[in-house]
1. Can you tell me which condition residue 108 does not meet? The list is (1) more than 16 Å from the ligand (Cβ to nearest atom); (2) more than 19 Å from residue 218 (Cβ to Cβ), and all the others hold.
2. If you check every pair at least six apart or on different chains, which have Cβ atoms under 6 Å apart with a residue in the stretch 631-645 that is exposed (fewer than 13 other Cβ atoms within 10 Å of the Cβ) first and a residue that is assigned to a strand (DSSP E or B) second?
3. Condition first: open to solvent by 10 Å² or more (accessible area, probe 1.4 Å), assigned to a loop (DSSP other than H, G, I, E, B), out of contact with any Gly (no Cβ under 7 Å at 6 or more places or on another chain) and of a type in the set (Asp, Glu). Can you find one or more residues in the stretch 201-212 that meet it?
4. With the checklist (1) more than 22 Å from residue 393 (Cβ to Cβ); (2) out of contact with any His (no Cβ under 9 Å at 6 or more places or on another chain) in hand, flag the one item residue 426 doesn't pass.
5. Do the conditions hold for residue 662, that is, is it under 29 Å from residue 292 (Cα atoms) and either surrounded by fewer than 16 Cβ atoms within 10 Å (Cβ to Cβ) or touching a strand residue (DSSP E or B) at 6+ places or on another chain (Cβ under 7 Å) (or both)?
6. Tell me whether the stretch 170-178 contains one or more residues that are touching a residue at least 24 places away in the same chain (Cβ under 8 Å), among the acidic types (Asp, Glu) and more than 16 Å from the ligand (Cβ to nearest atom).
7. Of everything in the stretch 300-355, what is free of Cβ contacts under 8 Å to residues at least 40 places away in the same chain and in contact with a Pro (Cβ under 9 Å, 6 or more places away or on another chain)? Give them in sequence order.
Amino acid sequence: MRWAQLTLVEDDPGQFDPKFWLDYFERTKSDAVCLSAGGCVAYYPTGIPFHHRSQWLGDRDPFGELVTGCRKLGMVVIARTDPHATYDDVAQAHPDWIAVGAEGRPRRHWASPEMWVTCALGPYNFEFMTEVKREIMTRYRVDGIFINRWEGSGLCYCEHCRTNFQKSSGHELPRTNDPRDPVKRAYVLWHQQRLFDLWQRWDSEVRKINPDSCVIPNTGGGATSALDMNKIGELAPTLMADRQARRGVATPWSNGKNGKEYRATMGRKPIVGIFSVGVEEPYRWKDSVQNEAEIRLWVADGVANGLRPWFTKFGGVLHDPRWLKPVEELYRRYAAWEPYLRNEAPLARVGLVYSQQTAWFVGNTVEEHTLGWYQALIEARIPFEMVHDRRLGADQLRPFKTLILPNITALSHEQCRQLSDFVGGGGSVIATHETSLRDEWGERRTNFGLAELFGVNFAGRTEGRMQNAYLRLEHEAARSHPLLRGLEEAPRIIHGVARVDVAPRGKFPRAPLTLIPSYPDLPMEKVYPRVPKTDVAQVFCRELARGRVLYFPWDIDRTFWEVLCTDHGRLMQNAVEWATNEEPLVRVSGAGTLDVTLWRQKRSWTVHLVNLTNPMMMKGPIRELIPVGSQRVEVRLPEGAKARRVRLLAADASPKIQREGSLLKLTVPSILDHEIVAIDL
Ligand SMILES: [Zn+2]
């Protein structure tokens, strides 16, 4: 439930104090630990040729000493290895273990120029690192081996990669990044297969020695990650989301997003969120310490989204101790809350689909659309999960009422059929822009794969970069349309930036949104609409026998992420509420921005409220935690369920409860960073 990681540096042996760390693990009530063992540097007296012992090792075994100490504390212990870099002696004896750049030369390490970058897909990993893992497992019988940076450091042109790719695909290695290039496509698939083969080889070798152990590769992520998350979800018994902190304009909810992305394919298997305590920017100040408020909010959003916390510290000697106390306090808090953090299932009714195949084979045309929806759902306080596009079967979609497809362009016939079945079974679908306009390989179709579901055909053209275009809100023709709720005063709002020409397949009621086409935005004298009004619908809403379908033929989500116009946010919230068409399980009202998640445990429900309200929300680091005022919370329990007791865990208080049938109403007076409404059933 609470992970610690100590990544030793080469000069730690003899200098760092293992007792200090064992004491800290105990004080933080950490129940699992990841400790540096081998690979790039061995921290135990290895017997494997070319396995580089720390130059400061002497006759010590700091890894073994820490393992023994952690076991005495009753901790789960996993060993960390890192295979991505090696030394001159290896390069001389085994030149084919070294990665080769596009120009044909072996690659020096970019940050430690005395070292070499290794090839991930050849004998260095398949043979040498397998031996290292066997040795670690035989000597220490750890519970698992964690492998950092094992996927390679960019495309390798070594003799093994050349020959193996040629044998498998008949092609020379690609020299392009164009996702539509057939050789590049073949490489994407071969590269994945090779890594999955490597993972399975390592895993089966360590399990031969300790059947209760496993290999845990540091891998995975969202739409833009390289390895198929669906396959990862089948292979991995547990997984660590390695997004250590915010950088640049990352939002504090990004950590929760990692949790949702991993859970989409890991299901109920435990997932862990690695956080660093430092400033995480491209300049890699790995020995830095971040301020307390930033650390707390980052971790809180991960925990609220089902991640088990894992702090990582690089180096056994502390250059700056300021992080120790905040992390200790956080961990002790989570230890006290533990029964309520042992989640059985999220109770979200909305699923936001992500598509690796679109990112692999079309290019990264998806992520900004996803981020737009993510932000809109956070602002609307609607609990939601993320859904992998290769997991659209009826069983997998059972928890959901509404699925959102944010410009998921690449979808197979089978996936389109699954989505239609979902709607046929009472589910609802919201889709945007070019969703389903390509097949699973990114090849353009003549019509949407989902044309029948949307009720519209592709009319042959996407208009890119629209300047100064608007939407007319048809209050008269579409009177009191739920999509226009909250926009009653607005005759028109801004359009997006790209739109798809479509033609309705049948009759639709009058659309609530119609197109006002672009008109000049300069000189100012020329800025007047040439066409004040059209009948070109910019949203298509269908009420079918059971489910509902809503299609925006434009990039509302991507534009929202870029511009954050509140009118678009309002439309998106209205779209989800209209499509979902049921009383929500949780409703939270009050001022501020909260990430709201809802979970079921064995004998309780929990509502997590993470307070993201902060002037630094869209670019860190947060200066201070700023409490929000009172929040009205309504929770709809299952019919017949009785709430035995309700607690506010952070406030350590019992709120006054108002009951109306299965509806519980209460007030949370204030939230600093993270409050949990814990309802014992
Ligand atoms: Zn290679």
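1. Every listed condition holds for residue 108 apart from (1).
2. Correct list of pairs: 632/589; 632/667; 644/680; 645/680.
3. yes
4. Unmet for residue 426, out of (1) more than 22 Å from residue 393 (Cβ to Cβ); (2) out of contact with any His (no Cβ under 9 Å at 6 or more places or on another chain): (1).
5. Values: under 29 Å from residue 292 (Cα atoms): no; either surrounded by fewer than 16 Cβ atoms within 10 Å (Cβ to Cβ) or touching a strand residue (DSSP E or B) at 6+ places or on another chain (Cβ under 7 Å) (or both): yes.
No; evaluated as a whole, the condition is false for this residue.
6. No, because not a single residue in the stretch 170-178 is touching a residue at least 24 places away in the same chain (Cβ under 8 Å), among the acidic types (Asp, Glu) and more than 16 Å from the ligand (Cβ to nearest atom).
7. 330
Table: residues versus (1) among the polar types (S, T, N, Q); (2) open to solvent by less than 30 Å² (accessible area, probe 1.4 Å); (3) modelled with pLDDT under 95.
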| position | (1), (2), (3) |
| --- | --- |
| 230 | yes, yes, no |
| 239 | no, yes, no |
| 243 | no, no, yes |
| 254 | yes, yes, no |
| 266 | no, yes, no |
| 275 | no, yes, no |
| 282 | no, no, yes |
| 304 | no, yes, no |
| 309 | no, yes, no |
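The values are calculated or read from the model by the stated rules, or taken from the named source; none is laboratory data. No experiment lies behind these values; they were computed from the predicted model shown. FYI the Cβ positions are ideal-geometry reconstructions off the backbone, even for glycines, and counts take in every protein chain you see. Heads up: the accessible areas ignore ligands, DNA and RNA and are worked out on the full protein's heavy atoms, side chains in. Shrake-Rupley method; radii C 1.70, N 1.55, O 1.52, S 1.80 Å.
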